[in-house]
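Heads up, the thing below is written out as structure tokens.
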Amino acid sequence: MKIIVGVKRVVDYNVKVRLKQDNGGLALDLDNLKMSMNPFDEIALEEAVRLREKGAAREVIAVSVGSPAAQNVLRAALAAGADRAVQIIAEPMPQPLDIARILGKIAQMEQAGLVLLGKQAIDDDSNQTGQILAGLLGWGQASFASAVAIKGEEAVVERETDSGVETVAVRLPAVITADLRLNEPRYASLANIMQARKKPIEQHSLAELGIVPHPQWQVLALNYPPARKAGIKLDSVEALLARLRADRVIN
Ligand code: AMP
């Protein structure tokens with residue numbers, strides 16, 4: 001079985017993104033920011049590599065859609081254990097429906113048995129791509145996975161829900177999205193990082209895949225959240241209750 005893993009290049013989770021003046025409005029200031037693999041995609045990749053190590057998969061293919069600079073993320077994926085890296089050049093970054101169409105095309109070309117994605121990309125926080133992809137392909141899906149086991153023609157997946165952990169069996173091929181507790185990704189060794197530099201990265205254009213992006217929405221404006229008002233200190237619980245009543249927070 002081949003596993004496709006979607007790895008998105010995003011602003012590193014440690015970086016606080018700022019806005020800049022642009023065309024009379026505010027825009028994201030992404031100049032000189034540290035960019036990394038989306039953290040949930042690191043977890044998805046680690047799970048795919050573990051499944052291959054257990055003999056449940058033959059090949060792990062990391063796929064990244066976006067600017068040419070996503071090469072770095074694909075090299076990191078190779079260093080972390082992916083067998084192959086596929087880059088789809090697409091600028092500006094396509095929206096989740098188009099990303100799903102692209103990943104679906106690759107999954108079909110590769111005859112993949114499993115697509116493992118992060119539960120969400122931390123830049124757009126969409127949490128849509130895996131679900132849309134399963135719908136487009138007509139495959140089963142298990143989102144927010146905290147444990148994955150391949151049993152014959154099925155994947156048995158523990159899912160994190162608000163009311164507890166749900167265990168589902170999903171027929172393969174399927175789409176699984178990784179939650180935070182699925183695993184702890186390994187650090188790539190220096191030897192693997194050096195080897196990954198020499199490995200080829202396969203590239204496709206959207207035209208080669210026969211895909212024309214259709215954006216579904218556009219950003220109209222960006223603003224900073226309102227500044228937090230200063231708090232006050234009260235001397236007693238009685239004073240707090242009186243204040244909450246005065247502000248009509250409680251009766
Ligand atoms: P989203 O629906 O945008 O929150 O993204 C969910 C998941 O889809 C991510 O964690 C990735 O695994 C995958 N994905 C989203 N965008 C891309 C991209 N540009 N390239 C590769 N995978 C992506």
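See the values below:
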item	result
Number of positions in segment 198-225 that are surrounded by fewer than 10 Cβ atoms within 10 Å (Cβ to Cβ) and either of a type outside the set (Val, Ile, Thr) or farther than 30 Å from Leu26 by Cα (or both)	12
Any hit, segment 153-162, residues being under 28 Å from Ile102 (Cβ atoms), within 15 Å of the ligand (Cβ to nearest atom), small (Gly, Ala, Ser) and in contact (Cβ under 8 Å) with a residue 12 or more places away in the chain	no
Criterion violated by Glu184 - all others in (1) more than 21 Å from Ala70 (Cα to Cα); (2) surrounded by 12 or more Cβ atoms within 10 Å (Cβ to Cβ); (3) in contact (Cβ under 8 Å) with a residue 40 or more places away in the chain satisfied	(2)
Some residue of segment 92-102 being under 19 Å from Ile211 (Cβ atoms) and part of a strand (DSSP E or B)	no
Scan of segment 96-132 for residues that are closer than 17 Å to Val60 by Cβ and among the aliphatic types (A, V, I, L, M), ordered by number	Leu103, Ile106, Ala107, Met109, Ala112, Leu114, Val115, Leu116, Leu117
Segments classed as strands (runs of 3 or more DSSP E), wholly inside segment 1-76, with at least 2 members that are in contact (Cβ under 8 Å) with a residue 24 or more places away in the chain and more than 9 Å from the ligand (Cβ to nearest atom)	2-6, 25-29, 35-37, 59-66
Tally, over segment 77-121, of residues that are free of Cβ contacts under 8 Å to residues at least 24 places away in the same chain and under 17 Å from Met1 (Cα atoms)	1
Leading residue by the ranking (nearest to the ligand (Cβ to nearest atom)) among those in segment 135-144 that are more than 10 Å from Ala100 (Cβ to Cβ) and more than 13 Å from the chain's Cα centre (by Cα)	Gln141
Failed item in (1) closer than 24 Å to Ala174 by Cβ; (2) modelled with pLDDT under 95, with Glu110 passing the rest	(2)
Residue within segment 123-134 that is more than 9 Å from the ligand (Cβ to nearest atom) and at pLDDT 95 or above present	yes
Test for Ala149: is it more than 12 Å from the ligand (Cβ to nearest atom), more than 17 Å from the chain's Cα centre (by Cα) and either among the small types (Gly, Ala, Ser) or assigned to a loop (DSSP other than H, G, I, E, B) (or both)	yes
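The values are calculated or read from the model by the stated rules, or taken from the named source; none is laboratory data. What you see is a predicted model; the values in this text were computed from it and never measured. Note that we place each Cβ from the backbone using ideal geometry, even for glycine, and neighbour counts take in every protein chain shown.
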